[in-house]
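A.B. asks: Following this message is one structure expressed as structure tokens.
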Amino acid sequence: MKLPRGKLYIDLLSLFKCLLKILFNQNLKRGPQTQELENTFSKHWNRNKCITTSTCRLSLYYVLKSLNLKEGDEVLLTPIQIPDFINVILNLKLKPVFIDINRETESVDLQDLKSKINKNSKVLLATYLTGLVPDIKKISNICEDNSIFLIEDISHSYGSFFDGKKAGSFGFAAIGSFSPGKIISSIGGGFILIDNYEKINIIEEDIKKSIKNKSRKTLLKVCLFQIKVSLLTSKFIFNYFTYYIFLFLSNFFKKKFDEIHNPKFKYFVRDKTIYDNPPIKRKLPDELFFEFTDLQAELALKTFKKNLENGLEERQKMAKILYENLNDNVKKFVPKLVGKFNVNAFWHFPIIVDDKDFGRFQKHLLKDGFDVVGYAMKLCNEEPQFKEFKKETLDYSKKLHRNSLFLPMFDGLQKKDMLNIANSVNKFFYKN
């Protein structure tokens, strides 16, 4: 069986039901289901409060704004991000400072972090890529020693642990996304996990004041986009249609094939959905500022119960089968943290290949029936729009962004799929 690069965690029937509710204007207000979601999340992560937002970008925006920082204060972060995270920082007249990524942990490089801390350093955004969690206690201790607010971005790591505590339990606050394809997902949305009651009141009041837009039109676009993706990656359509389109494009129109996953932004075209994240410097659009709805909460709760309470162990089991069936000469291309099966969420299963192998490896896997891609997020320190904040080339971040591919790891995979993937990967590296 051929496997797509990823699948949504919301079933097609739920998406069609959701579409009907949007068309008939049902559950498009904050109400009891939103409250249930917030209570469930605050209890699960053992935080005093969960606050839902329209997008994860606004989660970061509201947390940073609540800190009452001065113009020019610095926000430290690794460079593989969505561009609007940088725009959030700039919109608040703060300064982004890019920290290199560590080869072993896929997160903040501690030495580079220490070298860039100064009197203006006020916040560290720790993004956990692909569900792998570094030694967050060491990072937290550095932040405490330097009076820096630690914000965890756990969008990739729902279900990940470090030292017996859930990712999202360590920082001053944590933020997360419900965007398409996440382990906990909906038709968009984001959330904040936080303990400080003074900041909670500030954030909740700010959200009420900043609502500028109704959700219906935006949610309709996101829902239709997800229905399209769900159909194209469904078992029958992908095996007999989508896969062959990808195979044809990869052989004869490689640039067009690459753009399917990482489209070029056209300045004269409006965003198709609020998740396009164009790599431009911009004011946050009014389209983002709407109230999180019960309709979104309903889907987020469903995926939470399915994928954390029931699906996490199955993903870990599949990841273990895949990893243990890779040859030893292949495992050197996989981050060491992947081997800690019982603490990783496995939103993705990363493999970082050499420059000379990247294109051939991707083509080899596609020929064997596995459509794999790398990061859709941008390497923001290398984006022309943010070049004024580039102080140096962050070598490993650049390699990680350029050379990562994600082997299939999503709902519904079985042992035979993992064995077939491992066999294909081993075959490539044996020949090379």
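The values are calculated or read from the model by the stated rules, or taken from the named source; none is laboratory data. Note that the coordinates shown come from a computational prediction; the quantities given were computed from them, not determined experimentally. Quick reminder, even Gly has a Cβ in these numbers, built from the backbone with ideal geometry, and neighbours come from all protein chains shown. Please note that ligands, DNA and RNA were not included when accessible areas were found on the heavy atoms of the full protein model with its side chains. Shrake-Rupley method; radii C 1.70, N 1.55, O 1.52, S 1.80 Å.
A.B. asks: Assigning unit charges at the beta carbon (Lys, Arg +1; Asp, Glu -1) and nothing else, what dipole magnitude in debye, to the nearest 20, does region 195-264 show about its Cα centre?
C.D. replies: So the magnitude is around 520 debye.
A.B. asks: What aspartates and glutamates sit close enough to K221 to cross-link, taking a C-alpha to C-alpha distance under 13 Å and skipping anything fewer than 8 places away on the same chain?
C.D. replies: Partners within reach: D271, D276, E287.
A.B. asks: Out of the total accessible area of region 1-142 (probe 1.4 Å, heavy atoms of protein only), what percent is carbon and sulfur?
C.D. replies: Roughly 49 percent of what the probe reaches on region 1-142 is carbon or sulfur.
A.B. asks: Probe radius 1.4 Å, ligands and nucleic acids left out: which of K138, K119, K399 has the largest accessible area, and how do the rest follow?
C.D. replies: K119, K138, K399
A.B. asks: Let me ask another. Taking a temperature of 10 °C and a viscosity of 1.306 mPa s, what whole-number D in µm²/s does Stokes-Einstein yield for region 303-395 with Rh from Kirkwood over alpha carbon pairs?
C.D. replies: My calculation gives 99 µm²/s for D.
A.B. asks: Keeping all protein chains in the complex and leaving out DNA, RNA and ligands, what accessible area do you get for M409 with a 1.4 Å probe, in Å² to the nearest 10?
C.D. replies: Accessible area, nearest 10 Å²: 10 Å².
A.B. asks: Probe of 1.4 angstrom, ligands and nucleic acids ignored: what's the accessible area per residue over the chain, in square angstrom?
C.D. replies: With the other protein chains kept in place, the chain gives 45 Å² per residue.
A.B. asks: With labels modelled as points extended 7 Å from the Cα through the Cβ direction, what inter-label distance (nm, one decimal) is found for D195 paired with L224?
C.D. replies: 4.5 nm
A.B. asks: To the nearest 0.05, what FRET efficiency results for L110 and E313 with a Förster distance of 25 Å applied to their C-beta separation?
C.D. replies: With R0 = 25 Å, the Cβ-Cβ based efficiency is 0.20.
A.B. asks: I'd like the Karplus ³J(HN,Hα) series for region 419-430: coefficients 6.51, -1.76, 1.60, θ = phi - 60°, whole numbers in Hz, and an x wherever there's a Gly or Pro.
C.D. replies: Each residue's phi maps through the Karplus curve to give 5, 5, 5, 4, 5, 5, 5, 4, 4, 5, 6, 5 Hz.
A.B. asks: Follow-up. Could you check what % of the DSSP bridge pairs in region 58-151 are antiparallel, to the nearest 5?
C.D. replies: Antiparallel bridges make up about 10 percent of those DSSP assigns within region 58-151.
A.B. asks: Past the 23 Å Cα-Cα mark, which pairs from K114/K331; K122/K390; K283/K387; K305/K331; K356/K387; K235/K415?
C.D. replies: K114/K331; K305/K331; K356/K387
A.B. asks: What's the Cα-based Rg to Rh of the chain, Rh via Kirkwood?
C.D. replies: Radius of gyration relative to Kirkwood radius: 0.94.
A.B. asks: Using the Karplus curve 6.51 cos²θ - 1.76 cosθ + 1.60 with θ = phi - 60°, what ³J(HN,Hα) values do you get for each residue of region 317-323, in whole Hz, with x for Gly and Pro?
C.D. replies: Ordered by residue, 3J(HN,Hα) equals 5, 5, 5, 5, 4, 4, 5 Hz.
A.B. asks: Right, here's the next one. Greater than 26 Å separation of Cα atoms is the criterion. Which listed pairs, K43/K137; K95/K378; K256/K431, meet it?
C.D. replies: K256/K431
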